[in-house]
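Here is the structure we will look at, set down as structure tokens.
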Amino acid sequence: MGILESLKALLFGKHDVGGEKQDQKPADKPADVIVEKKASIIKEPKEEKPVADKITVGHVHMSGCTGCLVSFADNYEGLLTILDKYADLVYCLTLADVRHIPEMDVALVEGSVCIQDHIAVEEIIETRKNAKIVVALGACACYGNITRFCRGGQQNQPQHESYLPIGDLIDVDVYIPGCAPTPQQIRNVCVMAYLLLKGNDEQKALAGAYLTPMMNLAKAGTEACGCDVMYNVINQGLCMGCGSCAAACPVRAITMQYGKPQIERDLCIKCGACYAQCPRSFFSFDVVNQYEGIMEAIDAAMQP
Ligand code: SF4
Ligand code: SF4
């Protein structure tokens, strides 16, 4: 079984995503598709612009600050290119007038789940049922992050007091860490998800290489703390002293000393913010070795 088959089995094998859709053959590379369709539109002006080659994407908002959605929108023209060429936004409370979670290829889930809110719990389960690929968008969805602080007592919902990262309730395929993730990172994952589902063999291989470290983060689970930064980044010689972990820590358990993070384990509340924010926590030589090809594929896809 090749890498692509392995990835597809990994992404789709454990979830019932419907045999009919899985059997669909991927289209040729996006540029060819668009050229052909434009040509056919010229020949047959009455034909509607086809959208079947796009993937369907939804943004599912759980408990969070909406910073991840703002970051997604901060792609400006890039967002318009994605929506024009690659993705139909089929669910997004603030941007699409849809009230029930529909079937979709990719669900970007922002925020953690309040387990005292039965509607939120039902929504996340429905999301898993209806999406082929579930992406935890941002540190709250991945690890809990700031919502680990919530202790209830909010004026309008005093009973809401326990929040879980989405991976504690459903299987998650990809993590996009960060609080918030950068606009480019969200854009790149959207483009790579498209190429993985619809691209040619070469594009699928690049998309697989790009997404694998983030899929591995999702497989590693929902708990991360200062010790993970210590063992998986600092002790591996990967720390570049950027200070993002110290800046992200809400309880100031990390200080930068001599250019390296020092972690007070006794202060750590295990929110995972430092690990989610560290650019080296999902470092991959596979991505580094194919960096030029990956960036060329993304740049080509983002041409207006
Ligand atoms: S060191 Fe700070 S940011 Fe990291 S998990 Fe602990 S409390 Fe959270
Ligand atoms: S965020 Fe990561 S790379 Fe940056 S200082 Fe902290 S451990 Fe090092």
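Coordinate-derived values only; no laboratory data. All values derive from a computational prediction rather than experimental measurement. Cβ placement follows ideal geometry from the backbone for every residue including glycine, while neighbour counts extend to all protein chains displayed.
Based only on other Cβ atoms within 10 Å, what is the fewest-to-most ordering of I254, I186?
Values: I254 24, I186 27.
The order, fewest Cβ neighbours first, is I254, I186.
Hey, rough spin-label estimate for M256 and F149, points 7 angstrom out along Cα→Cβ, what's it come to in nanometres?
Each label point is offset 7 Å from its Cα along the Cβ direction, giving 2.1 nm.
Report the FRET efficiency, 1/(1 + (r/R0)^6), for I269 and Y76, where r is their Cβ-Cβ distance and R0 is 41 Å, rounded to 0.05.
Numbers: r = 36 Å, r/R0 = 0.87.
Efficiency computed from Cβ-Cβ geometry: 0.70.
Over 18 Å apart: what share of the alpha carbon pairs of region 226-277 falls there, rounded to a whole percent?
Values: 195 of 1326 pairs.
Tail of P(r) above 18 Å: 15 percent of Cα pairs.
At q = 0.09, 0.11, 0.13 Å⁻¹, what log₁₀ I(q)/I(0) does a Debye calculation on the Cα points of region 179-304 give, no solvent, two decimals?
Log-scaled intensity ratios, in q order: -0.31, -0.45, -0.60.
Using amide H atoms built in the peptide plane, which far-off residues or other-chain residues are under 5 Å from G138 H to H?
For G138, the qualifying residues are I176.
Past 23 Å, Cα to Cα, is the threshold; run K54/K204; K129/K270; K129/K198; K54/K129; K85/K132 against it and keep the listed order. Kindly include the intermediate steps, with their values, before the conclusion.
Values: K54/K204 15 Å; K129/K270 30 Å; K129/K198 21 Å; K54/K129 20 Å; K85/K132 20 Å.
Checking Cα-Cα distances, K129/K270 exceed 23 Å.
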